[in-house]
1. Rounded to whole Å and ordered largest first, report the semi-axes of the equivalent ellipsoid of the stretch 274-428 derived from its Cα gyration tensor (root of 5λ).
2. Quick one: Debye curve from the C-alpha atoms of the stretch 190-247, no solvent, what's log10 I(q)/I(0) at q = 0.25 Å⁻¹?
3. Which distance in Å, rounded to a whole number, links the C-alpha centroids of the stretch 502-562 and the stretch 92-147?
4. What are the aspartates and glutamates whose alpha-carbon lies under 14 Å from the alpha-carbon of Lys367, with same-chain residues fewer than 8 places away excluded?
5. Would you please give the residues with an amide H less than 5 Å from that of Val202, counting only those at least 5 places away or on a separate chain, with H modeled from the backbone geometry?
6. Return P(r) of the stretch 422-562 (all Cα-Cα pairs; 10 Å bins starting at 0; whole %; ordered from short to long distances).
7. Using each residue's phi in the stretch 438-451, evaluate 6.51 cos²θ - 1.76 cosθ + 1.60 at θ = phi - 60° and report the 3J(HN,Hα) Karplus result to the nearest Hz, with x for Gly and Pro.
8. Among the listed pairs Lys145/Lys463; Lys201/Lys287; Lys418/Lys559, give every one whose C-alpha distance is greater than 26 Å.
Amino acid sequence: MEMTKQKGMPPPALAEPPGPKEQGNNGAKVHAWFGETKTLAVLALFTFLLLLTVLSGAHRRLSLDQVFSRPAEVSQGVFNTSCTANSSSGEPPVDKSLGGLLSSAFDEASCRSRFEAARLWKPSNHTPSPYLLQKLRSYEALHKKCGPNTELYNKSTEQLLSNRSMGPMECNYVVWMPSDGLGNRMISIASAFLYALLNDKVLLLFLSEDMNGLFCEPFPDTTWALPSDFPIKNIRWIWSFDKDPNRFGSMMKKKLLSNRMSIANGSFSLPPYLYLHLIHDNDDYDKMFYCEEAQLLLQHFPWILLRSNQYFVPSLFLVPKFEEELRLLFNERTAVFHLLGRYLFHPSNSVWGYITRYYQAYLANAKERLGMQIRIFGDVDFNSHSGYIIGCALTRKLLPGLDTKGSALPNITGAKPKAVLVTSLSNGYFERLRDMYYEHATVTGEVIGVYQPSHEERQHTEKLNHNMKALAEIYLLSFSDSLVTSPFSTFGYVAQGLGGTRPWMLVRHDKDNLCLQSSTMEPCFHFPPSFECKSRRKMNLGSVVPYLRHCEDFPRGIKLFN
């Protein structure tokens, strides 16, 4: 009845209902009065709802569906609507599932980045194939069935406890072990996952303390983290595996392994696991992993331990056994890491807090964002190197030139600035760029804002907080409209892959070309095998098939092309 009062109508008097003798004409009057009141109340309610609908159509942020469906984090202002809501601008709604890449079987509050990252990335025109989507859903079911603490997982670990193996089981595993920095770890995880996907194995990660809490779980209702009670205890000392007796390369060199092995006649027993040493310094015997003969042999082993700091995906495209499957999975060879990276890597809520706070404070209101990822290997002269990087940005029109005569004035009509995000262990590059655009106007009248989230001076991969900042900066770079990256840097590879951007690479071809734009967004496989598998003769793998070529930033390496 409160609504009736708001419309200026007096509330009905509270009275006892008429008794049997008082009914008749009085009763008819009472019923008539209630009927009129009910009709007016319904009309008033209808008018109110109609008015509310009109108002919500004019200003969508006040619509009822948004008020009731908005996540708690957004309604409390944690994630500003300026970068999440796009209905008022007439843009199409953001596809949170990334074309069906991400499973819908997740709670949004448990991993905000899984649902919110798509709002900050540029729209991707790289659509996952229906076969890849089907394969991912099948893998998720397999991982749930075989993951840690399941009956089948416990049954599989019994082989490790017995120190011998009788061949593949219902659930077979690839255990990834870390090496080097976060960029190396992420490209090698993506590679290990694709290897597991191609072989119907379950990927588990040995997450050392410096990685705990970095990522959300990518697979629903299970975990990809290797349990702490894993039977192979020395996995905590990964360096010890260099001389492990079950190292694949060493066993091949000693001719202890052969594809002609058969366990059917009981003539031999397999070791409980096989260790794959896929680090950059491995030898030709370790690199026999990339041959089809070795892939057939590895099917016998229910437990594969894999340690790598490489993006070895390109070599899998050379294995005839995988050729057709890979063609069905990826209709674009140059989008493999782009799709696998967006599927696998979702910053945890704590890391996502780093990312969104910085983005909202410094980058959200920019008209355009340029990411500059600067990694130094060895000693360089700062003045010449920083001048070279700035020269690249100026000649490629990524940044406007300076008005050294002082005649130009910045636009003060409210135009949004252009933001430059610098990521580097040193703060010298940031300071030079910042001072340059602070002390001089630009010839275009644009205002340039230069920002650097951190400068750790030295890489400390062994520290969790360092890795959290590194992951935050990788994601902030991936939100850029354009990227400048350092050669040979896996940090830059991950950012360009997640963002779906072909970066300008700091590779000087001649005095007129200070940098070049990469042909693809794919990472480079730095240290591929250098021999042909069947003949064992040296071969240039960059010329074997048209879709594998040498990398622009590291000619010894190979990368995928379409």
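1. They are 45, 21, 17 Å, listed largest first.
2. -1.26
3. Comparing the Cα centres of the stretch 502-562 and the stretch 92-147, I get a distance of 30 Å.
4. Answer for Lys367, where 14 Å is the Cα cut-off: Glu446, Asp481, listed by chain and number.
5. Hits under the 5 Å cutoff: Asn172, Tyr173, Val174.
6. For the stretch 422-562, the binned pair fractions read 11, 30, 33, 17, 7, 2, 0 percent.
7. Using θ = phi - 60°, the values come out as 7, 7, 10, 7, 9, 5, 8, x, 6, 9, 10, x, 10, 9 Hz.
8. Distance filter (> 26 Å) returns Lys145/Lys463; Lys418/Lys559.
The values are calculated or read from the model by the stated rules, or taken from the named source; none is laboratory data. Note that this is a predicted model, so its numbers are computed, not measured. When we count neighbours, we look across all protein chains shown, and the Cβ atoms used for this are built from the backbone with ideal geometry, even at glycine. Accessible surface areas use protein heavy atoms only, side chains included; no ligands, DNA or RNA. Shrake-Rupley method; radii C 1.70, N 1.55, O 1.52, S 1.80 Å.
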